[in-house]
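Working notes for the structure below.
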Amino acid sequence: MDKVLSLSKRRGFVFQSSEVYGGLGSTWDYGPLGVELKRSVKEAWWRSVVSERDDVVGLDAAILMHPRVWEASGHVENFSDPLVECRQCHRRFRQDQLETDACPECGGDFTEPRRFNLMFRTFMGPVEDSSNEVFLRPETAQGIFVNFQNVQTATRKKLPFGIAQIGKAFRNEITPGNFTFRTREFEQMEIEFFVKPGSDDEWLQQWVRARFDWYVNYGIRPGNLRLREHCRR
Ligand SMILES: [Zn+2]
């Protein structure tokens, strides 16, 4: 990992954020080559899911949304990880990622787990009280859902059709991963595709196949790709 990191930096792909001030954990800046690469990926994706299809339209929703959006979606209540703290060295961990009951750093024991909400909070306007609290979106999907009616009315689309979006999302991960693989600020490319009840399985299969082929088309070996079953509502 250190080699990849140092190569990415030397060639101008990815730099540690705020490096001259010691760096900010788990945030990364894309350099001259990195930004071109990222733009190319986003443009290729947008072409294949929006420009070249007549059943998907685009959207660019704001990062800040009404707090009630996140109540309705269940994020305020449920978007959390179990956090434990070592009583000796006071390092914090995600309980569900620990393999033992003892602190991996010092062997100390842990506090009882508490639910830690992963949404970043800030305040809208000059008064910092709870009535002005807003969240940086933890995913782009809700911007699509709350605009469904607007988009449908404006475009006169009929089912089945989809809405695509590329944008930043933020999650205050307790333990971010290596390098750019699990970061607290990241960019998502996402489609919500709306279908008539009963045709969902058929459409899901079509999309899974289309997206899988897209990666293979750009040279990724199928053996390096893994399809993951997502839960159904
Ligand atoms: Zn410890």
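Derivation of every value follows stated rules applied to the coordinates shown; laboratory data play no part. On a predicted model such as this, the values are computed, not experimentally measured, just so you know. Cβ: placed from backbone, ideal geometry, glycine included. Neighbour counts: every protein chain shown.
Considering the conditions (1) more than 27 Å from ARG211 (Cα to Cα); (2) crowded, with 18+ Cβ neighbours inside 10 Å; (3) aliphatic (A, V, I, L, M), ILE163 is excluded by exactly one of them, (1). Looking across region 33-42, just one residue is surrounded by fewer than 14 Cβ atoms within 10 Å (Cβ to Cβ) and touching a helix residue (DSSP H, G or I) at 6+ places or on another chain (Cβ under 9 Å), and that is LEU33. Among the residues of region 217-226, is any under 16 Å from the mean Cα position of the chain (by Cα) and without any contact (Cβ under 8 Å) to a residue 60 or more places away in the chain? Scanning region 217-226 turns up no residue that is under 16 Å from the mean Cα position of the chain (by Cα) and without any contact (Cβ under 8 Å) to a residue 60 or more places away in the chain. Does PHE148 count as within 16 Å of the ligand (Cβ to nearest atom) and surrounded by 13 or more Cβ atoms within 10 Å (Cβ to Cβ)? No.
Candidates are the residues of region 45-74 that are part of a loop (DSSP other than H, G, I, E, B) and surrounded by 16 or more Cβ atoms within 10 Å (Cβ to Cβ); the one that is nearest to the ligand (Cβ to nearest atom) is SER73. Considered as a group, the residues in region 75-113 that are within 30 Å of LYS168 (Cβ to Cβ) and loosely packed, with under 12 Cβ neighbours inside 10 Å include one that is nearest to the ligand (Cβ to nearest atom), and that residue is GLN97.
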